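See below for the structure under consideration.
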Amino acid sequence: MDSDTPPTNARRSETTAQPRNWLQPFLLLSLQQWHSHGYELMQRLALFGFESIDPGSVYRTLRQLERDGLVSSDWDTTGSNGPARRVYSLTDSGETYLQTWASALRGYQSMLDSFFQSYPTDASDRRRDT
C-alpha cells in the first residue's frame, strides 16, 4: 500500500477521537475543585463532554490514580440513605501531575487550533485530489 493512500479499515471512520487517558486530567481537575464520590464525578465528566462514559473505566482510573498517589480516598459513612461511599480527594502529587497535564493540553490546544484554522468548515470548500 502506498504511504499516501489512506487506510480502508472501516474502524477508522468510527473513531471517537476521545483518548482514554484524557479521563485522568478531567478527574483530577474535578477533584481539585471539590472532594467527590465516583457517581458525582461521572456527572461532572458529562458536563465536560464525556457523554457516554463507562462507569467501570472511571472507577478503574480512580483506583489507578490512587495507587499512583495522585488521589486519596476515604469512606463516607455519614449518609443515612444508603451504603457508604468512597470519596476521592486530590493529593499534592496529584496537583503537580494536573499542572503537567494542563501544560500538555495547552500544547494540544495550540495544535488543534492550527488544525481547525486549516480545515474548511464548509464541505464545498474541501478540495478533492482524485
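Brief remarks follow.
- Potential lengthening of the chain between Leu112 and Leu29 amounts to 27.8 nm, from the contour at 0.36 nm per residue minus the alpha-carbon distance.
- Residue-span extension gain [Gln43 to Thr77] - 0.36 nm each, minus C-alpha spacing: 10.1 nm
- Summed residue charge, Cβ within 10 Å of His35's Cβ, Lys/Arg positive, Asp/Glu negative: -3
- A simple spin-label model places the labels of Glu95 and Arg60 3.1 nm from each other, with each point 7 Å out along Cα-to-Cβ.
- Net charge over other residues, Cβ less than 10 angstrom from the Cβ of Leu70 (K, R count +1; D, E count -1): -3
The numbers here are math on the coordinates, done by the rules we state, and not lab data. Not measured: the values here are computed from a predicted model. Glycine gets a Cβ as well: all are built from the backbone with ideal geometry, and neighbour counts include every protein chain shown.
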